[in-house]
Number of protein chains: 2
Amino acid sequence: MDSAIDTAPSTLKAGEPADRSLPAASSAGPAGGVKRKAGDIRDRLEQEIATGTHPAGERLDEQVIAARFGVSRTPVREAINQLVAGGLVERIPNRGAFVRAMGLAELVEMFEVMAELEAMAGRLAARRIDAAGAKRLETALVACEAAADREAHDAYYYENERFHEAIYDACGNAFLAGEARRLHLRLKAFRRLQLRFPHRMRQSLAEHRRIVAAIEAGDGPGAEAELKGHILVQGERFADLVATLKP
Amino acid sequence: MDSAIDTAPSTLKAGEPADRSLPAASSAGPAGGVKRKAGDIRDRLEQEIATGTHPAGERLDEQVIAARFGVSRTPVREAINQLVAGGLVERIPNRGAFVRAMGLAELVEMFEVMAELEAMAGRLAARRIDAAGAKRLETALVACEAAADREAHDAYYYENERFHEAIYDACGNAFLAGEARRLHLRLKAFRRLQLRFPHRMRQSLAEHRRIVAAIEAGDGPGAEAELKGHILVQGERFADLVATLKP
DNA sequence: AGCCATTCAATCGTATACAATCGACTTGAC
DNA sequence: GTCAAGTCGATTGTATACGATTGAATGGCT
């Protein structure tokens, strides 16, 4: 992976370490204990938005936030820019930055795309999973079952994430895994609401079982179909939820 | 607990932008005479990276770029951050920003995902396209044919983009369209190389015709399959290209 | 009274300045 | 001759300051 695809090798300068140790990278995670203020602020704001501390439509005042975190406006601005890139926040040129109020239509669209990516990951995983990956997948499924038996919604929510993570890891496409994680994160706040539905957790668990069965049987199309339905139903459920709250 | 859904207008202040005007995020075309320097610099750098002015692995010196554009380091920094978010550039904590040298494996992965998204867009477009959208699609196809007849690679490259844009617009899923555009942009530099292959342009045109036929016939699965192949072959071709250059 | 122009205030985007961090080089000892 | 530690330089990341643009309010005019 170190060898880059040199589209223009002739232009490489002699004394430049252009080909030298390009960092392994690609682990987009907030690595290590570096004291990057911007990143930390971004994470905090992300969490606060997800938990509802900042309701939709609220303006994120750079100065106020800077004061709250005891930093200057610069890292706050950078953090907000990252949120804008992530789609959680919208900037209006000289008005301010606002928490995006995602409409139902957009959410359904996002679930549609999420379903496609998850289904793709499942299809690939069915062909490419190895013994270790299968082991992790089964472990995650067992953990989901345990949480479901105890009717522990929060625990199930957490284990559910682990379960899908296991599929991402097994799909053998790191880029796909990254994109899926991005979307997963963005839909986090809405996923959580799903489990409040009466039998949603048990139904979800049953779907998980069928997904694992398909993957371990090497049934790509089957895993694809199961996962697509598994995600799409969440979008539909969410539409139902909104519909019941609307009037 | 407030959800991010706009079901709670009570918290909305005076003139909140609860609308869904998605400004395509990366629009900011040069049409407007606004003096947003950061966006312009981002576009320029993007183009320069795509055209090979900045080879893979090259360091993007903020000060040098700032001097080159006659601005301060701040907008340059912001532009680079946007490129990092887009995945074209990578920051190393205290080393600098480098043009990402994407390995062949990652490129193939990206083409895989791109194929899936394009195929999805085609499938949806086959069901949802309206008369105006069909008109635009046909216009784009005719433009592609004209460019191919003249063996004008650059023109075909441009019209090809328009063609795929037409599909995105017709898919009826703005979020999907945005994601597809993002990936399309990221693969821009590599797509361009495809057309250098002897008969690639004619083959591409033939695929375009079949895609349009499937979409206009309302054949969702057909359009999906055609588009998936249309994109995947590019990944394979690229792998061939690299293989021939490797030794 | 209603509409329009001007003024005003607020906020963003950019410029400049400073400090912390990391790598590379030099220098010295073993 | 090799290795290690210290210093230096370079670059990022952050702080502060300034100008420009925009929305809103106020006052005058029709």
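None of the figures in this text is laboratory data; all of them are computed from the coordinates on show. From a predicted model like this one, the values you see are computed outputs, not experimental measurements. Cβ atoms come from the backbone with ideal geometry, glycine included; neighbour counts cover every protein chain shown.
Is the stretch B:101-201 rounded, prolate or oblate when judged by the Cα gyration tensor, a ≥ b ≥ c being the square roots of its eigenvalues, rounded requiring a/c under 1.5 and prolate requiring a/b larger than b/c? Verdict is oblate for the stretch B:101-201. With 25 Å as the limit on Cα-Cα distance, the pairs of A:Lys188/A:Lys228; B:Lys188/B:Lys228; A:Lys37/B:Lys188 that go past it are A:Lys37/B:Lys188.
Assign one of three labels to the stretch B:74-155, namely rounded, prolate or oblate, based on the Cα gyration tensor with a ≥ b ≥ c the square roots of its eigenvalues; rounded applies when a/c is under 1.5, prolate when it is not and a/b is larger than b/c, and oblate otherwise. Taking the square roots of the gyration eigenvalues as a ≥ b ≥ c, the stretch B:74-155 is prolate. Taking amide H as placed 1.01 Å from N in the peptide plane, A:Val89 has its amide H under 5 Å from the amide H of A:Val84, A:Arg100, each at least 5 places away in sequence or on another chain.
Think of the stretch A:48-123 as a dipole: +1 on every Lys or Arg Cβ, -1 on every Asp or Glu Cβ, centred on the Cα centre; then among A:Ala66, A:Pro55, A:Leu104, A:Ala66 lies furthest on the positive end.
Under 17 Å Cα to Cα from B:Lys135, which aspartates and glutamates show up? Leave out anything in the same chain fewer than 8 places away. Partners within reach: B:Glu145, B:Glu159, B:Glu161, B:Glu165, B:Asp169, B:Glu216. Copy-to-copy label distances for B:Ala146, where each label lies 7 Å from Cα along Cα-to-Cβ, are 6.6 nm in order of increasing length. What the phi angles of the stretch B:154-160 give under the Karplus curve with 6.51, -1.76 and 1.60, with θ = phi - 60°, is a coupling list of 5, 4, 4, 4, 5, 5, 4 Hz, glycine and proline written as x.
Sorted from shortest to longest, the distances between the A:Ala217 label points of this copy and the other copies are 3.2 nm, with each point 7 Å from Cα along the line through the beta carbon. Considering all C-alpha pairs of the stretch B:36-99, those separated by over 16 Å amount to 36%. Phi angles of the stretch B:119-130 translate, via the Karplus equation with coefficients 6.51, -1.76, 1.60 and θ = phi - 60°, into HN-Hα couplings of 4, 4, 4, x, 4, 5, 4, 4, 8, 10, 5, 10 Hz per residue; Gly and Pro are given as x. Remark: C-alpha extents of the stretch B:154-247 on the principal axes read 45, 25, 24 Å, sorted largest to smallest. Comparing A:Asn173, A:Tyr158, A:Ala223 along the charge dipole axis of the stretch A:104-245, the residue lying farthest to the positive side is A:Tyr158, per the Cβ-charge model. Distances, shortest first, from the label point of B:Ala174 to those at the same position in the other copies read 3.5 nm; the point lies 7 Å along Cα to C-beta.
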